[in-house]
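Have a look at the structure below, then the notes.
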Amino acid sequence: MSTILQTHVGRAFWCTLGGRGPMFEPATFPSSSDGGPQGIAWFDLLFEGGIRLPEAEGRPVIMLITGPPGSGKTTLALELCYRIARAGRDSDKQKRYSLFFSTDSEAKRVIESAKAFGFADADEHILEFQNRDPDVSSLTVCGREHFEDWATTESLLHGLIAVMRELLWRVLKLPREITKVKGPLTSPIGDGATDALTVIAVDNLNSVPAGQQDAFLRRISEAVPGARLLVCIAEASSPRRGFRGLEYAADIWVKVDCSSLEGYHIRTIEIMKARYQGTVWGAHQLKIYPRQQLPRTINAQVTGIMRRAHPYRTEGGIFIYPSIHYHLSRYKRRAPAPVAKPSATGLKALDELLYGGLPTARCSAFIGDRGGHKSHLGYLHVLHRLVMDNEAGLVISLRDDEQLTRRAMGRIMKQEFPQFARHSDQKLSAQLDSWERDDQLEVLYFHPGYITPNEFFHRVLMSIYRMKAARDKPLTALFNSIDQLAARFPLCAREDIFVPGIVEALSGEGVTSLFIAVDEGGQPMEQYGLLPMADVILGFRRQRFRYTDYFGHLDRKWKLSSAKGKRQKQIEWVRQANADKEIDEVVLQVLRFAGGQRAGRRGILELVDKPEDTLYEKAGLHFTELA
């Protein structure tokens, strides 16, 4: 028998824009082969759901946290103790107590540090030793002032165990006549009179000479069998001759580290060892956030601030961004994706060229010249699915911010969909707001900076999980301006698996994805790994036509010569005015179409703002297949 201890450290949230205004709410994995909605706490998921505590050991499970100064060891241990105690408040099955011993700092400083993160009900749950007896679901802190009477290593061990016993006797409600330390230091405090789950943390073992640290660790664990989890901290700068003994003595070894990349500070966390269970391999990014102060007044500006405030939590403390490899490992265990179905682009003539449209739950890439209407076609496809099919759309923008993206989408709505033709800009904006509140649309903008691939991945996935949880509808994601990666997001551009990983994750979630990039000098040949991953690749190139040839292509498709009345007069006037000219047009070509369909087909893609000066009857995007 064993107990699974969930720490709730690194809990993930998402931002909703419902009727109550923008709010941060606990995130879950979508209902799928994962077994239904499941809360997300990344530290627990690194242990495949939580820390396993065997019943028959007779001693606490020992967790060793190591790392260099400033890597987050103390913060991790302190928050772990707080979260475990806090979770016990709402538990009817098992009450929880946590004890934190610091040989480096005074208790008041430790408590102030914890409260500065804005933990909920910190005044009730974080107490100083001797202030009062430990309450249910509390974190009691003992500082170095409680051990000032013990100067040598042996005395320090004696003092630690004495204070631990005193607290545990109080917690376990044993008779008061045995509150004094009796017998050898290795004698246990007893079997315990309650089922309280107790966690003890000791910060840190560097107060003990390196050669004696492993023995010190064992003697503490033997002396406090009433505890279930013993967390000990050690600096990585300790001599290896003693440090290696700690690694062997510990049941769980958590390694935190920090490094600098082009001046950007990056912390990582890795589960190096877990004796009783499986874990997620590899290093994952760890961040320590301050308490986040958000405005209380709800308006359009605040909504934008909330959506940008990833990782969407008001409390500070530890947060973990799992590696891309962790996310990808989840998808490889799922059943193969169903056969892709065609999804209409919004241009009927283009759909005919694409055998019905772009494939659902697959990746399509739009690559070509600037000004080739790639983004316009991408926005049109997303809007067509929203308006005509009542589906959902996610726009991930590396270049245009939320307002520029919304303005472009509003202009396309007005041109392409008759129901919005007479809408004012204000009404169009209100419609976009309505879609966002209903989790049918989100514009996800990334500011330039040293964003790591793990952070980028996490923000995209939180939006997808939220939209899938809110609406049981197909989702299309438009990833705009991938060519901006190197200039704006250098850390993401360095990761070879970044774009292929996003493509695979989107397909694994059943999301139809469109990636848009400029093909010009300075761009990698494979567009950061996009081209090998895309099922459909459309090329966009500018080409010069003699007007007579251009007219001939349109005439063969649209029968312009057969027009009557006013329409015929317009066509003849435009034709004669341009008869001796050459014009530049965008030629769209199917470079790849997975599934055995023929590639190489081409057509003219033309964006019309003033139809009266052209051969077209209405404004918007038009496509004509070339003979």
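The values are calculated or read from the model by the stated rules, or taken from the named source; none is laboratory data. For clarity, every value in this text was computed on a predicted model and none was experimentally measured. Here the Cβ positions follow ideal geometry from the backbone for every residue, glycine too, while neighbour counts run over all protein chains shown. Ligands, DNA and RNA are excluded from the accessible area calculation, which covers all protein heavy atoms including side chains. Shrake-Rupley method; radii C 1.70, N 1.55, O 1.52, S 1.80 Å.
With respect to the conditions (1) of a type in the set (G, A, S); (2) in contact (Cβ under 8 Å) with a residue 40 or more places away in the chain; (3) open to solvent by less than 10 Å² (accessible area, probe 1.4 Å), G410 lacks only one, and its number is (2). When segment 251-269 is limited to residues that are modelled with pLDDT under 90 and in a loop (DSSP other than H, G, I, E, B), the one that is surrounded by the fewest Cβ atoms within 10 Å (Cβ to Cβ) turns out to be G263. In the set D496, D472, D483, only one residue is farther than 30 Å from G263 by Cα, open to solvent by 10 Å² or more (accessible area, probe 1.4 Å) and of a type outside the set (G, A, S); that residue is D472.
The rows are residues; the columns are (1) at pLDDT below 80; (2) assigned to a helix (DSSP H, G or I); (3) open to solvent by 20 Å² or more (accessible area, probe 1.4 Å).
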| site | (1), (2), (3) |
| --- | --- |
| Q130 | yes, no, yes |
| M164 | yes, yes, no |
| R170 | yes, yes, yes |
| V181 | yes, no, yes |
| T186 | yes, no, yes |
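Scanning segment 417-436 for residues that are open to solvent by 40 Å² or more (accessible area, probe 1.4 Å) and either closer than 16 Å to H384 by Cβ or assigned to a helix (DSSP H, G or I) (or both) yields a count of 10. In segment 607-616, the qualifying residues are those that are of a type outside the set (A, V, I, L, M), more than 29 Å from P359 (Cβ to Cβ) and open to solvent by less than 40 Å² (accessible area, probe 1.4 Å), and the one that is farthest from the chain's Cα centre (by Cα) is T614. The set of residues from segment 5-24 being modelled with pLDDT of 85 or more and open to solvent by 50 Å² or more (accessible area, probe 1.4 Å) comprises Q6, H8, R11, M23.
Total residues in segment 270-304 satisfying the condition of being in contact with a Pro (Cβ under 7 Å, 6 or more places away or on another chain), modelled with pLDDT of 85 or more and not in a loop (DSSP other than H, G, I, E, B): the figure is 1. Listed by first and then second residue, the pairs linking a residue in segment 31-44 that is modelled with pLDDT under 95 to a residue that is of a type in the set (G, A, S) and open to solvent by 70 Å² or more (accessible area, probe 1.4 Å), with Cβ atoms under 7 Å apart and 6 or more places separating them unless they lie on different chains, are S33/A335; P37/S31.
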